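Visitor: Got a structure here, written out as C-alpha cells. Questions coming.
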Amino acid sequence: MKNEVKKGNFILSKELTDKIKEKISKGEQVILLLNRRGYSSMLTCRDCGNVLKCPNCDISLTYHKSSNTNRCHYCNYSVKNVSKCPVCGSSNIKDYGLGTEKLEEELNKIFKARVVRMDMDTTSRKGMHEKIIEDFGNHEYDILLGTQMIAKGLDFPLVTLVGVINADSSLNIPDFRSAENTFQLLSQVSGRAGRSDLTGEVIIQSYNPEHYSIFLAKDHNYLKFYEEEMNIRKTLSYPPYFYITLVNITSRDYELGFSEANKIGDYLRKNVSDGTKILGPSMASVFRINNVYHYQCIIKYKKDDKLNNILLKLDEIYKTNNKVDISIDVNPIRV
C-alpha cells in the first residue's frame, strides 16, 4: 500500500478495485474485511492539533457518520459531532483513519453494486446478524464488508474474492499474541473464498508485507509461522516456554493507584522464587477507562511453588480495600 498511496489510492488498491469489478461483472460475490468499525478513528483540529478524546478514558473518540456522533468504544460515552474545535474554535477539523462506515461509503461511490455492512453497529438489533447472512447467501448483495465477525464460519458458494483492508492493524495491538492473531485472522478470512466449484482469490492489503505473519499467511505456511513465532516466544520468555500471570491494579485515585502498584511490584520481587521474572508495574495499554486508572504487573515463570500463596495473600490484603482493586489473571488471553 506504500506505492498505492503515492498514486492516490488510500483505501483500495488498483488491483483490488479491478478484481472487485471483474467478480461483480461475472455475477460473483466479494467479502471485504476491515477490522475497525465506525467511520474514522479520530477527529483532529488542523490548526492547534487537538484530538477529540473521551473525557472518561485515555482514548480518542471514533466518529460514526450514520448517527453523526463521536463515540468511545470502551465506556460508550457519546457526543454529537462537532463543527468547531473545542480548544481553539477553528472550523478546520479533519477526520483520520478508516472504519467500516467510510469503506461502505467508498464502495458505493466506486462500484455499481449492492453493498451490505456487518459489524457491531449493524447487528445490534435482534435478528440482524442472521438476516444479513441470509440475504447475502440469497445473492441480494454483491459485496459483504465487515469486521472479524465475517472471518470464519461463513460458507457462500458465489464468493470468489476476499479482500483484506489494512491487514497491519492487528499487528499494532500491544500484545505478544498479535502476530498469531493476525495470522489466524488472515487464514480464517481467506478460507471464505472459493468454497464451491468456482476458484477463489484473496488480496491482502498491507503496509508491512514483509512481516512474517502476513507473507506466511499468504502462502498458508503455518509450519514456518510456528517456527518463527516459537523462536520469538522463546527469546522473550513468553508462553509456551514460560507461564504468565497478570496482576491488574485499578483505582479511581491516580496517586494511590501508582503508590499501591509500586508496593505490589516490590512485594512480588522480594518473595517470588529465583528464576521468576516480574515486569512492571506499568500503565496498562489503555491507562484510564471510565475514570478508573489501570496499572499492571506481569509475572513470568516456569515453576514457582511459592507463587500461589503469594498471590492468595495479595488477594486477601486488597479484598477489604475499597479504594484499590486487584485482579489476578493466570494465563491471560491478552497481555
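Coordinate-derived values only; no laboratory data. Just so we're clear, the structure is a prediction, and the values are computed from it rather than from any experiment. Here the Cβ is made from the backbone with ideal geometry for all residues, glycine too, and neighbour counts use every protein chain on show.
Visitor: Based on Cβ point charges of +1 for Lys and Arg and -1 for Asp and Glu, what charge dipole magnitude is obtained for region 200-335 about its Cα centre, in debye rounded to the nearest 20?
Guide: The calculated dipole for region 200-335 is roughly 360 debye.
Visitor: Students often get this wrong, so try it: which of (1) 0.97; (2) 0.95; (3) 1.02 is Rg/Rh (Cα atoms, Kirkwood Rh) as calculated from the structure shown?
Guide: Recomputing Rg/Rh (Cα atoms, Kirkwood Rh) here picks out (3).
Visitor: While we're on this one: Write down the Kirkwood hydrodynamic radius of region 243-330, to one decimal in angstroms, obtained as one divided by the mean of 1/r over all alpha carbon pairs.
Guide: Answer for region 243-330: a Kirkwood hydrodynamic radius of 13.0 Å.
Visitor: Arranged from highest to lowest average of other beta-carbon atoms within 10 Å per residue, in what order do the peptides 160-168, 81-89 appear?
Guide: My ranking of the peptides, most packed first, is 160-168, 81-89.
Visitor: May I pose another question? Provide the per-residue ³J(HN,Hα) series for region 303-318, in order, calculated from phi with Karplus coefficients 6.51, -1.76, 1.60 and θ = phi - 60°, each as a whole number of Hz, with x at glycine and proline positions.
Guide: Working through the residues one at a time gives 8, 8, 5, 8, 4, 4, 5, 4, 5, 5, 5, 4, 4, 5, 4, 8 Hz.
Visitor: If a cysteine in the chain has no other Cys Cβ under 4.7 Å from its own Cβ, put it on the list, ordered by number.
Guide: Result for the chain is Cys75, Cys297, no neighbouring Cys Cβ within the cutoff.
Visitor: A further question on this structure: Taking only Cα atoms, what is the 0 to 90° angle, nearest 10, from helix 100-110's long axis to the longest principal axis of the chain?
Guide: 20
Visitor: A follow-up question, please. Would you pull out the residues with amide H under 5 Å of Val202's amide H, same chain only if 5 or more places away, H placed 1.01 Å from N?
Guide: Val162
Visitor: State to the nearest 20 debye the size of the charge dipole of the chain about its Cα centre, where the only charges are +1 on K and R beta carbons and -1 on D and E beta carbons.
Guide: 580
Visitor: Using Cα-Cα distances under 8 Å and only pairs 6 or more residues apart, what relative contact order does region 243-330 have, in percent?
Guide: Averaging sequence separation for qualifying contacts and normalising by length gives 45 percent for region 243-330.
Visitor: As I understand it, the dipole of the chain uses +1 on the Cβ of Lys and Arg and -1 on the Cβ of Asp and Glu, about the Cα centre. Which of Leu154, Ser169, Gln296 lies farthest toward its positive end?
Guide: Gln296
Visitor: How large is the helix-only mean residue ellipticity at 222 nm for the chain, computed as the sum of -39500 (n - 2.57) over DSSP H runs with n ≥ 4, divided by its residue count, in deg cm²/dmol to the nearest 500?
Guide: -9500 deg cm²/dmol
Visitor: Which distance in nm do the two modelled labels at Asp315 and Phe215 give, with both placed 7 Å along the Cα-to-Cβ direction?
Guide: The two pseudo-label positions are separated by 4.6 nm.
Visitor: Taking +1 at the Cβ of each Lys and Arg and -1 at the Cβ of each Asp and Glu, which of Leu16, Val5, Asn68 sits farthest along the dipole of region 1-108 towards its positive end, judged by Cα position relative to the Cα centre?
Guide: Going by the charge dipole, the pick is Val5.
Visitor: In sequence order, what are the phi-derived ³J(HN,Hα) couplings for region 39-53 according to the Karplus relation 6.51 cos²θ - 1.76 cosθ + 1.60 with θ = phi - 60°, rounded to whole Hz, with x for glycine and proline?
Guide: In residue order, the calculated couplings are 9, 9, 6, 7, 10, 10, 7, 6, 8, 10, x, 5, 10, 6, 10 Hz.
Visitor: Give Lys270/Lys306; Lys131/Lys218; Lys6/Lys102 a once-over and call out the pairs whose C-alpha atoms are over 22 Å from each other.
Guide: Cα-Cα > 22 Å for Lys131/Lys218; rest within.
Visitor: Also: Any idea which of Val324, Ser285, Leu311 is furthest toward the positive side of the dipole for region 271-325, if Lys and Arg beta-carbons carry +1 and Asp and Glu beta-carbons -1?
Guide: Sorting the options by dipole projection puts first Ser285.
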